[in-house]
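Please treat every number below as a calculation from the coordinates, not as lab data. These numbers were taken from a predicted model, which means no experiment stands behind them. Here the Cβ is made from the backbone with ideal geometry for all residues, glycine too, and neighbour counts use every protein chain on show.
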Amino acid sequence: MFIGRTKELIALEDVYNKKGFGMTVIYGRRRIGKSTLIREFVKGKKTIFYTATKVNADRNLELFSTQVISVLDPVYKDVRFPSVESVFDLITGKVGKEKVVLVIDELPYWAEKDEALLSVIQKYIDTEWSKTNLMLILCGSTLSFMEKKVLSEKSPLFGRRDSQIKLEAFNYKDSALFVPDYSAEDKAICYGVTGGVAKYLALFDAKKSLDYNIKKLFFNTDGYLFDETKNLLTQEFSDITLVNTIIEVIASGENQLSIIAAKVKEKEPTVLYSLEKLIEVGLVERRKCITEEKNKKKTQYILRDSMFKFWYSFIPKAYSVIEMGQGERYYDKVVKPVIHSYMGSVFEDMCRYYTLEKGIQSRFGCFITQVGTYWGIEMIEDGNGKKTPITADIDVVALSEVDKAAVIGECKFTKANMDKEIYETLVRRAALIPGKYKLKNYLLFSLSGFSQWVSKKEDDKLILITVEEMYH
């Protein structure tokens, strides 16, 4: 069953329905669901669907021509084509009044072995295909290649596309569509261990419990996600030793370049180079303090993919136990008791998404245009007037540049109710937000609800939100 991606399907249909030639570029990290999206879109349409592989240019040409012939003219099945141009000529001649979709998936695999390929495609778009009823879809998983070689101003294809789709992981709400009968708590944890990645969500058996699925996928040697991080890194990096260690350090909670470099025992420029590569493939995110985005010292590196965070938090320590066939017992004894703690940062991301979504609808009395987090130093004064600096953070900071307004929030994914102390700390830390923003609301997000004191607190700015409400 195909789930979600309504906006992307509409965008593809718009290009398909336009008169004459149309071109769409689709890109995004591996396992995100690009090929599945395209296959859903081309259902019932005349389509040449070629997925390039890591072979030389001649072999890709041979495999591509075989696919073209099977769709357009099986009579040519034993014919060998000397060049890409000769196959493109066949396509040009066979596209009549009926719209034909030409898909080249994993384009970088072929284009990296044939430097002229993109220029040849550009030539045919300009001289031949512009007069035909062809829709061209170019797709790739290598983000840096797709952005620099296909979409940038330096690309031969620049200016030819009608649309581009950077496919991202599912948000927490769409992820829940894969497990519709789960409780709100279990839906959130399912999102937290899959990162909203389409492939991983599709592996969940919605008829089985959350625990069953996590054990089966992560804590068995034949589970799909048991070795997935290694498989993905091997596809992206020739040597995974350093990036593997960097990810492990970030997953442990370290997020500053200097500390990461010290932990992996490498120089900062060396670590930064690997971090940039991890950012390019969509696994790491560079995060700025929302009110000080120009402050280079306030930069954090976090794992963008929470499946990686979950894997590195628990699997390396359990490798020998899992290989002995006791992974499920390890999950019950070690992982499950702390899974709410693991979910802390994931839940914060969910709350930020919720705040932005509702803020765009002006649900908080202003038009919110950006959401992030704040961290810095707060001066606490004791009864004698002595001030002491302490580290302070605000989980959710949403800003409206239009209305010069702000909304701030705190998030707790724990079994305990949110109490007076959390509310008072949030109100106090509102002073850390620049004065040019008028504070509109305090948001408290909770898995387990709120204490009687918080529930009865008379504060027009206070909004209480449960996990249940976040899914409605």
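Near residue 456, which aspartates and glutamates are there with a Cα under 13 Å away, not counting those fewer than 8 places off in the same chain?
Excluding near neighbours in sequence, the set is 419.
Please state the Cα pair-distance histogram of region 6-166 with 5 angstrom bins from zero: what percent is in each bin?
2, 9, 19, 24, 23, 16, 6, 1, 0
Translational D (Stokes-Einstein, µm²/s) of region 173-342 at 4 °C and 1.567 mPa s when Rh comes from the Kirkwood sum over C-alpha pairs? Each step should come with its number before you reach the end.
Working: Rh = 17.1 Å.
In µm²/s, the coefficient rounds to 76.
At q = 0.15 Å⁻¹, work out log10 I(q)/I(0) for region 390-449 with the Debye formula, treating every Cα as an identical point scatterer and leaving solvent out; two decimals please.
Here log10 of I(q) over I(0) equals -0.46.
With angles folded into 0 to 90 degrees, how steeply does helix 84-94 sit against the dominant principal axis of the chain? Use alpha carbons for both and round to 10.
80 degrees
May I ask for the net charge around residue 123, where only other residues with Cβ less than 12 Å from the Cβ of residue 123 are counted and Lys, Arg are +1 while Asp, Glu are -1?
Details: positive: 160; negative: 85, 89, 126, 128.
Summing Lys and Arg as +1 and Asp and Glu as -1 gives -3.
Which ³J(HN,Hα) values in Hz, rounded to whole numbers, follow from the phi angles of region 52-58 under the Karplus curve 6.51 cos²θ - 1.76 cosθ + 1.60, where θ = phi - 60° and Gly and Pro get x?
5, 10, 7, 10, 6, 4, 5
Which is the longest part of the chain that has none of the chymotrypsin sites (Phe, Trp or Tyr not before Pro) sitting in a DSSP loop with at most 16 other Cβ atoms within 10 Å? Write out the running numbers ahead of the final one.
Numbers: sites that count: 2, 158, 224, 237, 367, 471.
In the chain, the maximal stretch lacking such sites is 3-157.
Applying the Karplus parametrisation 6.51 cos²θ - 1.76 cosθ + 1.60 with θ = phi - 60° to the phi angles of region 112-124, what ³J(HN,Hα) value in whole Hz is obtained for each residue in order, glycine and proline being reported as x?
Using θ = phi - 60°, the values come out as 5, 8, 10, 5, 8, 3, 5, 5, 5, 4, 4, 4, 6 Hz.
Only bridges with both residues in region 344-470 count here: give the DSSP antiparallel percent, nearest 5.
Of those bridges, close to 55 percent are antiparallel.
Within the P(r) computed for region 74-216, what percentage of the Cα pairs occupies the region above 26 Å? Mind showing how you got there, number by number?
Details: 4815 of 10153 pairs.
The answer is 47 percent, as a whole percent.
Mind listing P(r) for the chain? All alpha-carbon pairs, 20 Å bins, whole percents.
Per 20 Å bin, starting at 0, the Cα pair percentages come out as 20, 49, 27, 4, 0.
If you scale each eigenvalue of the Cα gyration tensor by 5 and take the root, what three semi-axes come out for region 344-470, rounded to whole angstrom and sorted largest first? Spell out each step's value before the answer.
On the way: eigenvalues 98, 76, 37 Å².
Whole-Å semi-axes of the equivalent ellipsoid: 22, 19, 14.
What is the pair-distance distribution P(r) of region 235-322, computed from all Cα-Cα distances in 10 Å bins starting at 0, with each bin given as a whole percent?
For region 235-322, the binned pair fractions read 16, 49, 28, 6, 1 percent.
For a quick check: with amide H placed at 1.01 Å from N, whose amide H comes under 5 Å from residue 51's, ignoring anything fewer than 5 positions away on the same chain?
For residue 51, the qualifying residues are 105.
If you rank 422, 38 by fewest surrounding Cβ atoms within 10 Å, what's the result?
Working: 422 18, 38 22.
Final ranking by Cβ density, sparse to dense: 422, 38.
Return the calculated 222 nm mean residue ellipticity for the chain, to the nearest 500 deg cm²/dmol, obtained by summing -39500 (n - 2.57) across DSSP H runs with n ≥ 4 and dividing by the residue count.
Details: 20 runs with 195 residues, N = 472.
Helix-only estimate at 222 nm: -12000 deg cm²/dmol.
I need the shape label for region 109-176. Rule: rounded when a/c is under 1.5, else prolate if a/b > b/c, else oblate, with a, b, c from the alpha carbon gyration tensor. Provide the component values of the computation, followed by the final result.
Numbers: a/c = 2.52, a/b = 1.64, b/c = 1.54.
Here region 109-176 falls in the prolate category.
In this model, which of 54/149; 309/412; 7/187; 7/288; 34/309; 46/173 are farther than 26 Å apart at the alpha-carbon? Working shown, then result.
Numbers: 54/149 18 Å; 309/412 19 Å; 7/187 23 Å; 7/288 29 Å; 34/309 23 Å; 46/173 33 Å.
Violating the 26 Å Cα-Cα cut-off are 7/288; 46/173.
How large, in Å, is region 238-277 by the Kirkwood hydrodynamic radius built from its alpha-carbon pairs? Can you show the working numbers first?
Working: mean 1/r = 0.1017 Å⁻¹.
Answer for region 238-277: a Kirkwood hydrodynamic radius of 9.8 Å.
Enumerate the amide H contacts of residue 26 below 5 Å, restricted to partners 5 or more residues apart or on another chain; note that Pro and chain-start residues carry no placed amide H.
Amide H neighbours of residue 26: 138, 139, 140, 165.
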